Amino acid sequence: MTKWTEEPSAVDAGHTGDARRREGTEAADARTEAPDATGAGAPAPRDTAKPTAEIVAMRLREEITTGELTAGTSLKEIRLAQRFDVSRNTLRGALRQLQYMGLVTLVSNKSATVAMPDEDKVHDIYRVRRVLEKAGIEASVNAPRERLRRLRDSVDASRSLHDAQRWRQYGTASLMFHHEIVALIDSPLLDQYFANILAQTRLVFANFADQGELQERWLEPDQHIAGLIISGKRAEACAYLSQYLDESEAMVIDSIRQKVFPAA
């Protein structure tokens, strides 16, 4: 296992990533898994800087990323509007934004479900991840120490979830670690775009009935990648990441095909 090359940070390991991602991770620990999007919740906060539809869309995207909303979940328009205390027109605007992000499927504006990526979509998700995560690794040469501490703290924070076999929460923490890699580029626009990609990544996890089978193997590789980045071994980190993403993509594709072509 890779050892860190600097003294442990005094930064609380539970406070990783920017405020938006931190809020999503904490929300995952605080709530039980929701079978659909109809559960009770606080109304969306009023923010004069953003349309309310965008706020609702971001809340729902967080719930997808944290695994509370899974692929195929029906999104009940009336109940969602009541939950977020918004008009149905505003709610429809939020769902259209999520459709544009590839996270929701709308049918003639009559029904909405959380999207279920097919094989082609999975391949495209991983193409994007390879490009952006490798770019993050390369950009780490210019990253401030605080950014590297956040990268390390992110993967450290996931260890207790892994050891406790809290697989849904651990899956979220692992995704946040990969978001920290892309954050090394220091581009708010790419951060926002990659948040959509990670939400789409989370949707493909629905193909695994046993989340432990999917998640348990990634802690040490995440730690190893973080150690390589922090120690400046960028070429080695990129090569290791490629292998990591290849294995993850193959697992997802195999799980999809097993549903289409079940064993006799």
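Worth a mention:
- The share of accessible area on the range 118-243 that comes from carbon and sulfur is 49 percent, using a 1.4 angstrom probe.
- The range 108-219: C-alpha gyration tensor shape, a/c 1.5 cut-off, then a/b vs b/c: oblate
- Quick note on the range 173-258: its Rg to Rh ratio, both from C-alpha atoms and Rh being the Kirkwood radius, is 0.98.
- Dipole moment magnitude, nearest 20 debye, the range 171-264 about Cα centre, only Lys, Arg, Asp, Glu C-beta charged: 180 debye
- Sequence-separation-based contact order of the range 122-264, relative, with Cα cut under 8 Å and 6+ spacing, percent: 35 percent
- The range 154-184 and the range 229-261 have their alpha-carbon centroids 16 Å apart.
- Other-chain or far-sequence residues with amide H under 5 Å of residue 104's (modelled H): 99, 115
- The phi torsions of the range 137-151, fed into the Karplus equation with coefficients 6.51, -1.76 and 1.60 and a -60° offset, translate into couplings of 4, 4, 6, 4, 4, 9, 6, x, 4, 4, 5, 5, 4, 5, 4 Hz, rounded to whole numbers, with Gly and Pro shown as x.
- Local net charge near residue 159, Cβ-Cβ under 13 Å (Lys/Arg +1, Asp/Glu -1): -4
The values are calculated or read from the model by the stated rules, or taken from the named source; none is laboratory data. Computed from a prediction, not measured in an experiment: that's the story for all the values here. With ideal geometry, Cβ positions are generated from the backbone for all residues, glycine too; neighbour counts draw on all protein chains shown. Surface areas here come from the heavy atoms of the whole protein model, side chains and all, with no ligands, DNA or RNA. Shrake-Rupley method; radii C 1.70, N 1.55, O 1.52, S 1.80 Å.
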